[in-house]
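Beneath this line is the structure, given in structure tokens, with notes to follow.
The values are calculated or read from the model by the stated rules, or taken from the named source; none is laboratory data. As the structure is a prediction and not an experimental result, all values here were calculated from the model. Backbone-built Cβ (ideal geometry, glycine too); neighbour counts: all protein chains shown. These area figures cover heavy atoms from the full protein model, side chains too; ligands, DNA and RNA do not enter into them. Shrake-Rupley method; radii C 1.70, N 1.55, O 1.52, S 1.80 Å.
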Amino acid sequence: MKLTSFAALLLISFIGFGQSKIKSPSEFLGYELGDQFTRHHRVVEYFNYIDEQSPTVKVQQYGETYERRPLIYAIIASAENFQNLEQIRQDNLKRAGVIEGTPSTKVAIVWLSYNVHGNEANSTETSMKTLYELINPDNAKTKEWLKNTVVILDPCINPDGRDRFANFFNQYGNNPPNPDPQAREHKEIWPGGRANHYLFDLNRDWAWETQKESQARIKVYNQWLPHVHVDFHEQGYNTPYYFAPAAEPYHEVISNWQREFQTIIGRNNAKYFDEQGWLYFTKERFDLFYPSYGDTYPTYSGAIGMTFEQGGIGSGLNVTTAEGDPMTLKDRIAHHFTTGMSTIEASSINAAKLVDEFEKFNKENSNNSSSPYKTYVIKADNNLDKLAKITAWMDTHSIQYGHAALSRPVKGFDYQTQSQNNFTLSTEDILVNIHQPKGRFITTVFEPTSKLVDSATYDITAWNLMYAYDLKAFALTEKIIVAKAYQSKTSQTSTILSKPYAYIFSYKSLTDVEFLAALIKKGVKVRYAAKSFTLNSQTFDPGTLIITRRNNEGIADFDNTVQATAKSFARNINTTTTGFADKGADFGSGDVSFIKPPKIALLGGDQTSSLSHGSLWHFFEQQIHYPVSVIGTDYFKSIDLWKYTVLVVPDGNYKILDEGTLDMIQRWVSDGGKLIVLAGGLNSIADKKGFALKEYATDDKKKDAEKKDKEAKEKEGLMKYGEAERKELSKNIYGAIYKVALDKTHPLAFGLGDYYFSLKTNELHYDFLETGWNVGTIKGKTKPLIGFAGYKINKKLENTLSFGVEDKGKGQIIYFTDDLLFRSFWENGKLLFSNAVFLVGQ
């Protein structure tokens, strides 16, 4: 790292640079790039080596992965710009409106991100080559580019996934490499290297920041806000290279210049690919809509955000493609290196325009936003934990919010009713207007509906956080000024009685679940109220947690344990001297149930969706901090299931759930076990003997559905080949939000409102349970509140089950048609899932 005095060090470094040649990656590593996959620690060593050798490179660690690998980035600049790096950074933030002042420099900032998916492994190799050429004294072109451009390289966004892949290949790869696509080295074992430690797709996590890698990256990204950002990927090895411009749909907040510069980059890339005769495609497949990608998040923050995709997944060091051509790692490195350098070149040529348009983008955000909704109001009477989480999330993205100067009547779109309603704006409500640097990003995550010009998208089409958090909130077309800084509300703890008969706690949020889990781990016996009750003129809702002194005599310093735990989670402590309720059940009633500590088994392995499994694993370990045993599908049949009280089956395709295994699971449920099955896992038990879940509850319903399908097909006539893709859309759901009616009297729905807003990412539909509890249902004619779903699937969803409970012997089976923890950003789904784990069946 650079030491003082800077000027003296700069002189010494330049002398040293002339005396000893800086090693190329191949010279440093001892092998040619492309001959093997470099483990992450060696990549870090090379970047640090360049930092030590070059006076114009600065390498910094910005975070650490779950497996404790460092996250680093390198800043490369000319000698003059290197001396002014901090000024350049601050000037850029001034242009963005993040800090005040007049800029004195005009330098473009290009950020290249590599290897967000661990098994798309050529890009980290490419990062070393790119770094070297940017500081290579013999490279006249890069010297010229760096005169007006600062380059930032993140060599590996996902070190844990990359090393998982590199270790796999180094273990199973043939020597010499085998180009046969069927060879073992081309077939990764579950879960593969794509995702991070907890099996999250980090390229879908930019906005939500559920993972520590994303949290660290967003923090440093927003300290720079580059003008150009490229996210390097790989796709199947039989597919040619993809680069910008992106496919439709583009979100409507994207500026004309952002669209135009995508084409400038694309044409510059094409020039070099044409020279080599390399195949490529543009304007297909990869769109700019979902806000949590490595191209869209930068785009909505003012950058030219782009994805570059090299064919290469599964190709190892060398593979024979479907066309009979060899595809080597060296080829892939050459392609990524070319587009990376081409991007820097085009950015340098257009540096002044890039800087000016970035400033224009942000001035339009602050002064002339074209989005119809100008202000978002989050009501102060929402659950305080939800307010704390949504404001903390906004803080990480530098979103500005606060309070209005005066209370007054206003009108806006009501997220709870999906209609325009009058309401009173309070000076305690949270006010977010879009006239600020992050205005367009705010629009994409909060707007009541998103304009979708093309329904054939690459990802989900709905993600609204007002629904994800189930917030009482409004969207206003009126611009309301944030006049006062935000003042968070805190819960008021009642007077704590000495040695009370019982402690009483609200149960309405995930933080309450964390608190419950902490108490259970400390051995505290907790109960919950199955119905509302009134005590000392205060009414408590179903789900309220009750901790009696009775049955907790074995807890040393019981009162201090409960109170200290409550304070550590900022819980409001209510106490009582009696278990006699003014209204409702007394504390010894059968309607006040003891929560037996769950012993949880989570299914994992090659028949589960790694993403679904990972979100559940992360939920237990990192969010509620409760022990879970991961059980592999390869040995599930041989375990003693009776050691556990809860079995969670993630989304997946389960061959192991054959007739014999399902019989065993049903016996375990009848003996008191609790089976929780999510999304695609239901396919393995629906319509099977002994399970109440049916696609059609009766044969007559099935015949009627088949008749309607046949009539619709005859009416449509023969399908043309060119219409096939569009016709298929009518049957599919692309991540849309539906309004689900709740049976609030059932423990599965405790802590929730009258409705649950569900993010549906599949087309599963089942009839109401004839023997069981239909807790969440979609009734009557339906369509999404936001997002795309085809008209045919919407018809099939009419009068269907979203989630329900089947009582079986002493146990329960809980059916969830949706993956509640999908990407871990749907906050209300976490409470619903927690109810299944902790409350149902007690």
Those residues that are out of contact with any strand residue (DSSP E or B) (no Cβ under 6 Å at 6 or more places or on another chain) and over 22 Å from THR817 (Cβ atoms), I need them from the stretch 600-617; list them, please. ASP606
Taking the conditions exactly as written (aliphatic (A, V, I, L, M), in contact with a strand residue (DSSP E or B) (Cβ under 6 Å, 6 or more places away or on another chain), surrounded by fewer than 23 Cβ atoms within 10 Å (Cβ to Cβ) and within 28 Å of TYR373 (Cβ to Cβ)), does ALA303 satisfy them or not? no
Taking the stretch 259-276 and keeping only residues that are open to solvent by less than 10 Å² (accessible area, probe 1.4 Å) and either closer than 30 Å to PRO179 by Cβ or touching a residue at least 60 places away in the same chain (Cβ under 8 Å) (or both), one is left with PHE261, ILE265, ASN269, PHE273
Within the stretch 107-121, identify whether any single residue is open to solvent by 10 Å² or more (accessible area, probe 1.4 Å) and closer than 18 Å to HIS335 by Cβ, and answer yes or no. yes
Which of the residues belonging to the stretch 387-406 are open to solvent by less than 30 Å² (accessible area, probe 1.4 Å) and assigned to a helix (DSSP H, G or I)? LEU387, ILE390, THR391, TRP393, MET394
If you scan the stretch 589-611, which residues turn out to be among the small types (Gly, Ala, Ser) and either surrounded by 14 or more Cβ atoms within 10 Å (Cβ to Cβ) or assigned to a strand (DSSP E or B) (or both)? SER589, SER593, ALA601, GLY604, GLY605, SER609, SER610
Checked pairs for the stretch 330-344, first charged (D, E, K, R), second crowded, with 21+ Cβ neighbours inside 10 Å and part of a helix (DSSP H, G or I), C-beta under 6 Å and 6 or more apart or across chains, list as ARG332/ASN122
When both residues are 6+ apart or on different chains and their Cβ atoms are under 9 Å apart, which pairs have a first residue that lies in the stretch 760-786 and is without any contact (Cβ under 8 Å) to a residue 12 or more places away in the chain, and a second that is open to solvent by 30 Å² or more (accessible area, probe 1.4 Å)? LYS783/TYR791
Here the residues within the stretch 23-75 that are in a loop (DSSP other than H, G, I, E, B), open to solvent by less than 30 Å² (accessible area, probe 1.4 Å) and either of a type in the set (Ser, Thr, Tyr) or without any contact (Cβ under 8 Å) to a residue 60 or more places away in the chain (or both) are SER24, THR38, SER54, PRO55, THR56, THR65
Among ARG194, ARG204, ARG162, the single one that is within 30 Å of SER301 (Cα to Cα) and open to solvent by less than 20 Å² (accessible area, probe 1.4 Å) is ARG162
What are the residues in the stretch 612-625 that are open to solvent by 30 Å² or more (accessible area, probe 1.4 Å) and either under 21 Å from ASN762 (Cβ atoms) or out of contact with any Pro (no Cβ under 9 Å at 6 or more places or on another chain) (or both), if any? TRP617, GLN622, HIS625
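Residue-wise test of (1) touching a helix residue (DSSP H, G or I) at 6+ places or on another chain (Cβ under 7 Å); (2) not small (Gly, Ala, Ser).
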residue	(1), (2)
PRO598	yes, yes
ALA601	no, no
GLY614	no, no
SER629	no, no
LYS643	no, yes
Please go through the stretch 782-807 and give me each residue that is in a loop (DSSP other than H, G, I, E, B) and under 29 Å from HIS251 (Cβ atoms), ordered by number. THR782, LYS783, PRO784, LEU785, GLY787, PHE788, GLY790, LEU797
Please list, ordered by residue number, the helices (runs of 4 or more DSSP H) wholly in the stretch 108-221 having 1 or more residues that are over 17 Å from GLU234 (Cα atoms) and in contact with a strand residue (DSSP E or B) (Cβ under 7 Å, 6 or more places away or on another chain). 122-135
Residue tally, condition in a helix (DSSP H, G or I) and either surrounded by fewer than 20 Cβ atoms within 10 Å (Cβ to Cβ) or at pLDDT below 95 (or both), over the stretch 317-330: 1
Looking only at the stretch 516-531, count every residue that is small (Gly, Ala, Ser) and either under 31 Å from the mean Cα position of the chain (by Cα) or more than 19 Å from TYR501 (Cα to Cα) (or both) and tell me the total. 3
Can we say GLY660 is under 19 Å from LYS599 (Cα atoms), part of a helix (DSSP H, G or I) and not polar (S, T, N, Q)? no
Within the stretch 408-475, strands (runs of 3 or more DSSP E) holding 1 or more residues that are without any contact (Cβ under 8 Å) to a residue 40 or more places away in the chain and open to solvent by 20 Å² or more (accessible area, probe 1.4 Å): 408-414, 419-425
Residue under evaluation ARG667, criteria (1) at pLDDT 95 or above; (2) among the basic types (Lys, Arg); (3) open to solvent by less than 90 Å² (accessible area, probe 1.4 Å), criterion not met: (3)
Per-region count, the stretch 124-139, residues at pLDDT below 95 and within 29 Å of the chain's Cα centre (by Cα): 0
For the stretch 180-194, what are the residues that are in contact with a His (Cβ under 9 Å, 6 or more places away or on another chain) and more than 17 Å from GLU120 (Cβ to Cβ)? ASP180
Residue pairs qualifying under the 9 Å Cβ cut-off, at least six apart or on distinct chains, with the first in the stretch 567-578 being closer than 10 Å to ASN536 by Cβ and the second being open to solvent by 50 Å² or more (accessible area, probe 1.4 Å) and in a strand (DSSP E or B), are ASN574/GLN538
Tell me, yes or no, whether the stretch 626-646 has at least one residue that is in contact (Cβ under 8 Å) with a residue 40 or more places away in the chain, open to solvent by less than 10 Å² (accessible area, probe 1.4 Å) and closer than 24 Å to GLY672 by Cα. yes
Would you please name the residue that is surrounded by the most Cβ atoms within 10 Å (Cβ to Cβ), looking only at residues in the stretch 819-835 that are more than 16 Å from LYS389 (Cβ to Cβ) and in contact with a helix residue (DSSP H, G or I) (Cβ under 6 Å, 6 or more places away or on another chain)? LEU820
Among the residues that make up the stretch 229-249, is at least one of them open to solvent by 10 Å² or more (accessible area, probe 1.4 Å), of a type in the set (D, E, K, R) and modelled with pLDDT under 95? yes
So, in the stretch 274-291, how many residues would count as being more than 18 Å from SER255 (Cα to Cα) and out of contact with any strand residue (DSSP E or B) (no Cβ under 8 Å at 6 or more places or on another chain)? 4
Any idea which residue in the stretch 488-503 is farthest from THR578 (Cα to Cα), counting only those that are surrounded by fewer than 12 Cβ atoms within 10 Å (Cβ to Cβ) and out of contact with any Leu (no Cβ under 9 Å at 6 or more places or on another chain)? GLN492
